[in-house]
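The values are calculated or read from the model by the stated rules, or taken from the named source; none is laboratory data. Because the structure is predicted, anything quoted here is derived from the model rather than measured. Cβ sites come from the backbone with ideal geometry, for glycine too, and all protein chains shown count toward neighbours. Remember, those area values only see protein heavy atoms, side chains included, never the ligands or the DNA or RNA. Shrake-Rupley method; radii C 1.70, N 1.55, O 1.52, S 1.80 Å.
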Amino acid sequence: MENLDYLKSALDSHPELQYEIIEQYWTTDFLRFYHSQTNYNISKEVTSLDATIYKGKKSFSFMLDNANSQTIDNAVQDALSIIDKLPEDPYFVDLENDKTLAKPREVKNNIEVVPLKLKTEVLARIATAVAPYNFDIFGSFVCNYQKYRLVNSNGLDKISVSSPYYLEVKAVHNKSQVTVVEAFGGEDFQYFQERNFIEQLLQKIGFCSHDIVDIEPGTYDVILAPRCLGEFAQYLAYGMSARALDQHTSFFEGKLNQKVFPEWVSICDDPEDPDMIHKDYGSNGHIYRYLSLIDQGIFRNFMCDNYYSHKTGLPKNGNTGSCLKIEKGDKTLDELIGSIKYGLFISSLHYMNFINPKETSITGLTRDGTFLIEDGKITKVVNNLRFTEKVARIFDHIQALENRSHPVPFSGNYAIFDVETVKSPHALVKDFNISSSTKTI
Amino acid sequence: MEQIIKQTIQKLSLPEITFADVRITRTDNEFIAFQNGYLRAYGTNLDSIALGIRVLINGCWGFAGTRDLSNNSINKAINTAISNARYGSIFQKNKVEFPPLSPVQAEYEHHPEQDPFKMAKEEKIDYLQRLAEAIKPQGKIVHSVVYAMFMRQEKYYTNSEGTYSHSTYYNTLPMMEVLASDGAQVQSRTWPGHMGAGRAGFELFHKHKFEENTERIIKEATDLLSAPTIEEDKADIIIGSGHLALQLHESVGHATEADRIFGMEISYAGKTFIKPEMIGTFPYASPVVNIFSDSTDPRGMGYHPVDDEGVPGKKVDIIKNGILVNQQTSRQIAHLLGLEPSSNMKASYGDDFPLVRMTNFCLAPGEGTLDQLIADTEHGYLLDFTKTWSIDDNRNNFQFTTEIGYRIEKGKIVGIVKEPTYYGITKEFWNSCDRVCGPEEWDYQSTFNCGKGEPGQSMQLSHGVAPARFRNIDVRVKI
């Protein structure tokens with residue numbers, strides 16, 4: 001983190017400037033496997049220095065990979081030579097000023113805790129367990145280690161270290177291609193119970209022996225698995241951001257403190273839950289804390305960073321929806337399934353996109369295990385299906401929730417591979433709109 | 001750089017390594033974003049250097065990437081790549097193998113008409129600010145964005161077979177968007193759409209006639225607020241080039257990436273409905289449809305003299321007169337399928353692992369202009385400017401919504417419809433294509449944002465297309 005100090009020192013010599021600097025070290029050990037064997041293992045490390053310099057309401061940003069004093073000097077010179085000539089952003093008021101520090105945490109480097117040799121041994125055992133059922137395993141087993149330091153000219157100086165791991169196994173039948181998925185992620189590898197993981201995978205494989213059928217488009221009562229409800233919550237949360245509100249694309253515009261869903265629906269952003277992957281800081285270094293989003297069906301808060309707080313007048317909280325949690329209900333999973341006369345169990349979703357974010361209309365598909373429920377029992381495997389729905393309507397149509405919540409890891413596979421968790425129960429949703437069938441598994 | 005890459009490949013000349021390659025990229029990125037008429041972000045990431053080392057040991061790939069080109073860092077990456085291959089091979093049933101290729105030496109440098117990295121920053125800002133001013137909130141327009149990304153990448157590649165390549169190119173992504181609202185609903189219009197990038201410099205803004213289209217997108221976004229939706233169940237549709245590029249991309253391009261046949265992408269991007277036995281016989285499309293992969297055309301962003309595992313650029317027919325005849329492959333996968341490698345292995349940056357990727361993936365032109373095709377259509381819709389896209393795990397069932405549809409009656413455009421949505425099954429859809437417009441309408445449409453792989457890579461690639469007509473398509477989706 002010497003480069004950050006060097007840059008900070010250079011910028012401190014210009015009292016007319018404000019600045020935010022983030023230095024990030026990120027490394028990954030990324031094993032991809034297919035057909036119960038290694039595809040490849042990638043090790044990769046990146047050190048980047050990201051700075052935004054403000055002069056009044058004018059700003060310029062630069063990012064440097066693997067910086068040194070020479071490249072930093074050049075970048076600062078470049079920024080200073082242009083910043084006076086840039087137009088202003090009248091909505092910029094000030095940088096983040098929340099100096100609250102997160103509680104120190106011991107973070108083990110999971111790249112060292114779970115070396116490649118151990119990963120291949122775990123995978124070999126999983127592959128052996130599913131082989132008698134004529135299934136192969138596909139997926140990825142990832143360990144990251146990342147260190148982040150943010151400073152700004154308002155005196156913030158925050159360091160965060162994390163090391164999530166993520167195992168996603170898809171078991172695919174070698175003949176029918178019927179697929180089921182099991183995933184586990186977290187920060188402490190001791191919580192990974194290999195036997196439980198294999199048992200849960202085998203339990204899902206057990207459902208795959210049923211016949212494969214197709215169904216007609218129409219509305220169905222469905223059980224959404226935790227990863228599905230969690231993913232819908234992530235899409236719903238888009239509209240809970242002050243940014244979406246400012247851009248007139250928020251479903252929740254004009255709905256603050258109004259009842260939007262049934263009273264048994266509560267959603268929060270909770271980094272303190274021990275089952276979730278922790279997050280120390282949110283946008284611009286603001287402390288990341290519990291935030292109620294939907295409380296017993298009532299919309300309570302927009303997630304708001306420093307910039308949009310100044311622009312919209314909403315209170316800032318720095319939350320980004322990285323630790324979404326949906327409150328559990330009072331039914332067992334068997335009771336939820338048992339209550340359906342003719343419907344679907346949906347395990348996982350694929351390739352969703354908003355049609356109109358303001359209306360929360362969306363299309364996407366099911367995958368990795370869609371099952372028919374008849375008279376309260378799972379009876380058939382169903383081809384992957386397309387749904388066209390409104391996310392808000394899905395939450396409005398929740399009839400009941402399971403009495404336990406499950407942490408579900410999600411991979412954030414963008415500029416860098418990151419892992420977040422959502423915690424959700426299974427949900428019974430009525431009148432879920434299946435718009436067409438893929439006619440394939 | 002040349003010296004570093006050649007020294008590194010020499011260090012990989014070890015008995016246990018049956019194949020190795022090394023890539024270095026030096027990349028400049030610049031982005032500018034105006035929002036509602038004001039400069040919201042302007043930034044650079046210049047001289048970003050990345051190195052990747054890939055080795056094949058015991059029939060297993062190992063890879064390591066770094067952005068530090070010091071000796072210590074490169075030596076560490078070499079040891080890590082070797083270790084990754086050794087330990088990876090513990091969990092392996094079938095060894096990776098492929099025949100050798102003759103070494104190639106290649107050099108290429110692209111020169112844009114207006115080098116965005118040599119232009120004064122003020123000049124770029126002034127131009128974009130004028131656009132931002134023209135589309136800032138007014139009337140029913142409540143939000144607007146003008147956006148530009150410029151990229152220059154210099155790439156060095158070498159492998160243990162003696163191939164060496166050095167290339168430099170520029171890509172640009174220009175975009176503007178307005179959002180209209182009547183208080184109850186919002187509608188958007190972009191220009192030139194989501195496939196408006198290109199192998200070019202700043203001149204791309206002028207090619208796309210941004211200034212001439214600001215009023216058009218304001219009017220169309222506003223008019224969409226009161227426009228009807230499509231009411232019939234099925235209709236003939238003409239798909240404009242910007243959106244047809246995405247239709248081609250999703251339902252043919254990704255479907256014919258042959259790593260998907262073997263499940264190598266199941267964990268993220270998905271599979272394909274294609275099976276090896278379908279190559280050479282499968283009636284993928286109607287006979288008017290010809291589709292090819294062409295990394296030899298420097299007009300597209302998919303051009304390369306040599307791909308990222310040493311295969312020289314190639315033009316390969318994928319669908320010939322409607323029949324599936326080939327796949328996009330790596331050397332490993334081509335060998336498994338009994339095909340010649342198609343020169344489709346690409347990585348976004350030096351420290352990314354190469355994957356089977358589209359390059360310039362093109363629909364061959366037919367004949368006639370778009371005006372002639374509209375005039376030849378009794379009743380239907382011209383759809384363009386992608387709004388929503390989605391396709392299933394097997395690249396079989398797709399559903400797209402465009403920003404706008406132009407209703408055609410008796411050969412003339414007579415009105416617009418909002419959020420036109422159509423869906424279908426890949427084979428049925430491409431077999432319903434009865435006409436593709438001619439060379440006068442054919443051009444490259446390009447994107448910066450094709451996601452694949454884990455850790456994720458965003459690839460820049462192109463599609464050569466001309467508008468085409470599809471008969472009797474499902475256009476009614478109940479929400």
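On the given criteria, is B:ASN36 open to solvent by 10 Å² or more (accessible area, probe 1.4 Å), under 30 Å from B:VAL142 (Cα atoms) and in contact (Cβ under 8 Å) with a residue 24 or more places away in the chain?
Numbers: open to solvent by 10 Å² or more (accessible area, probe 1.4 Å): yes; under 30 Å from B:VAL142 (Cα atoms): yes; in contact (Cβ under 8 Å) with a residue 24 or more places away in the chain: yes.
Answer is yes for this residue.
Quick check on my filter: what residues within the stretch A:244-272 are within 14 Å of chain B (Cβ to nearest Cβ), open to solvent by 30 Å² or more (accessible area, probe 1.4 Å) and assigned to a loop (DSSP other than H, G, I, E, B)?
Across the stretch A:244-272, the qualifying residues are A:HIS248, A:PHE251, A:GLU253, A:GLY254, A:LYS255.
Only one residue in B:ASP393, B:ASP308, B:ASP352 is within 14 Å of another protein chain (Cβ to nearest Cβ), open to solvent by less than 20 Å² (accessible area, probe 1.4 Å), touching a strand residue (DSSP E or B) at 6+ places or on another chain (Cβ under 8 Å) and at pLDDT below 95, so which one is that? Lay out the reasoning, then the answer.
Values: B:ASP308 fails: at pLDDT below 95; B:ASP352 fails: at pLDDT below 95.
Just a single option satisfies the conditions, and that option is B:ASP393.
Does the stretch A:286-307 include one or more residues that are in contact (Cβ under 8 Å) with a residue 40 or more places away in the chain and under 16 Å from A:THR421 (Cα atoms)?
Checked the stretch A:286-307: at least one residue is in contact (Cβ under 8 Å) with a residue 40 or more places away in the chain and under 16 Å from A:THR421 (Cα atoms).
Select from the stretch A:344-365 the residues that are buried (at least 21 other Cβ atoms within 10 Å of the Cβ) and closer than 17 Å to A:PRO226 by Cα and list them in ascending order.
Within the stretch A:344-365, A:LEU344, A:PHE345, A:ILE346, A:SER347, A:SER348, A:LEU349, A:GLY364, A:LEU365 meet the criteria.
Looking only at the stretch A:77-100, which residues are of a type outside the set (D, E, K, R), over 19 Å from B:GLU122 (Cβ atoms) and in contact (Cβ under 8 Å) with a residue 40 or more places away in the chain?
Residues of the stretch A:77-100 of a type outside the set (D, E, K, R): A:77, A:79-83, A:86-87, A:90-93, A:95, A:97, A:100.
Applying the additional criterion that residues be over 19 Å from B:GLU122 (Cβ atoms) yields A:90-93, A:95, A:97, A:100.
Within the stretch A:77-100, A:TYR91, A:PHE92, A:VAL93, A:LEU95, A:ASN97, A:THR100 meet the criteria.
Within the stretch A:357-366, can you find the residues that are within 7 Å of chain B (Cβ to nearest Cβ) and in a strand (DSSP E or B)?
A:SER361, A:THR363, A:GLY364, A:LEU365
Looking at B:ARG199, B:ARG216, B:ARG260, which one is basic (Lys, Arg) and surrounded by 24 or more Cβ atoms within 10 Å (Cβ to Cβ)? It would help to see each step written out before you state the result.
Numbers: B:ARG199 fails: surrounded by 24 or more Cβ atoms within 10 Å (Cβ to Cβ); B:ARG216 fails: surrounded by 24 or more Cβ atoms within 10 Å (Cβ to Cβ).
Answer to the check: B:ARG260.
Could you check, for the stretch B:101-114, whether at least one of its residues is more than 10 Å from chain A (Cβ to nearest Cβ), surrounded by 22 or more Cβ atoms within 10 Å (Cβ to Cβ) and within 30 Å of A:GLN37 (Cα to Cα)? Steps first, answer last, please.
Filtering the stretch B:101-114 for residues more than 10 Å from chain A (Cβ to nearest Cβ) gives B:101-114.
Pick out the ones that are also surrounded by 22 or more Cβ atoms within 10 Å (Cβ to Cβ) and you get none.
Within the stretch B:101-114 (the criterion being more than 10 Å from chain A (Cβ to nearest Cβ), surrounded by 22 or more Cβ atoms within 10 Å (Cβ to Cβ) and within 30 Å of A:GLN37 (Cα to Cα)), the answer is no, since none of the residues qualifies.
Restrict the check to the stretch B:365-379 and report whether at least one residue is open to solvent by less than 10 Å² (accessible area, probe 1.4 Å), in contact (Cβ under 8 Å) with a residue 60 or more places away in the chain and within 14 Å of chain A (Cβ to nearest Cβ). Please lay out each step first, then the result.
Our first condition is that a residue be open to solvent by less than 10 Å² (accessible area, probe 1.4 Å); within the stretch B:365-379, this holds for B:373, B:377.
Remaining after also requiring in contact (Cβ under 8 Å) with a residue 60 or more places away in the chain: B:373, B:377.
Now narrow it down to the ones that are within 14 Å of chain A (Cβ to nearest Cβ): none.
No: the stretch B:365-379 contains no residue that is open to solvent by less than 10 Å² (accessible area, probe 1.4 Å), in contact (Cβ under 8 Å) with a residue 60 or more places away in the chain and within 14 Å of chain A (Cβ to nearest Cβ).
So, in the stretch B:343-378, how many residues would count as being out of contact with any helix residue (DSSP H, G or I) (no Cβ under 7 Å at 6 or more places or on another chain), of a type in the set (S, T, N, Q) and more than 19 Å from B:SER167 (Cα to Cα)?
2
Take the residues in the stretch A:125-184 that are among the basic types (Lys, Arg) and within 14 Å of chain B (Cβ to nearest Cβ); name whichever of them is most open to solvent (accessible area, probe 1.4 Å).
Kept after step one, since they are among the basic types (Lys, Arg), are these residues of the stretch A:125-184: A:125, A:147, A:149, A:158, A:170, A:175.
Restricting the remaining residues to those that are within 14 Å of chain B (Cβ to nearest Cβ) gives A:125, A:170, A:175.
Numbers: A:ARG125: 113, A:LYS170: 3, A:LYS175: 171 Å².
Here the answer is A:LYS175.
Considering A:ALA79, A:ALA75, A:ALA102, which residue is away from chain B (no Cβ under 13 Å) and open to solvent by less than 40 Å² (accessible area, probe 1.4 Å)? So that I can check it myself, show each step before the final result.
On the way: A:ALA79 fails: away from chain B (no Cβ under 13 Å); A:ALA75 fails: away from chain B (no Cβ under 13 Å).
Being away from chain B (no Cβ under 13 Å) and open to solvent by less than 40 Å² (accessible area, probe 1.4 Å) holds for just one of A:ALA79, A:ALA75, A:ALA102, which is A:ALA102.
From B:SER144, B:SER181, which residue is on the phi < 0 side of the Ramachandran plot and buried (at least 24 other Cβ atoms within 10 Å of the Cβ)?
Working: B:SER181 fails: buried (at least 24 other Cβ atoms within 10 Å of the Cβ).
Checking each option against the conditions leaves just B:SER144.
Filter the stretch B:399-415 for residues that are touching a residue at least 60 places away in the same chain (Cβ under 8 Å), surrounded by 19 or more Cβ atoms within 10 Å (Cβ to Cβ) and more than 10 Å from every other protein chain (Cβ to nearest Cβ) and give the result. Even if it seems obvious, please write down each step before you answer.
Going residue by residue through the stretch B:399-415, those that are touching a residue at least 60 places away in the same chain (Cβ under 8 Å) are B:399-400, B:402-405, B:408, B:415.
Retained after the next criterion (residues that are surrounded by 19 or more Cβ atoms within 10 Å (Cβ to Cβ)): B:399-400, B:402-405, B:408.
Once the filter is applied, which keeps residues that are touching a residue at least 60 places away in the same chain (Cβ under 8 Å), surrounded by 19 or more Cβ atoms within 10 Å (Cβ to Cβ) and more than 10 Å from every other protein chain (Cβ to nearest Cβ), the stretch B:399-415 yields B:THR402, B:GLU403, B:ILE404, B:GLY405, B:ILE408.
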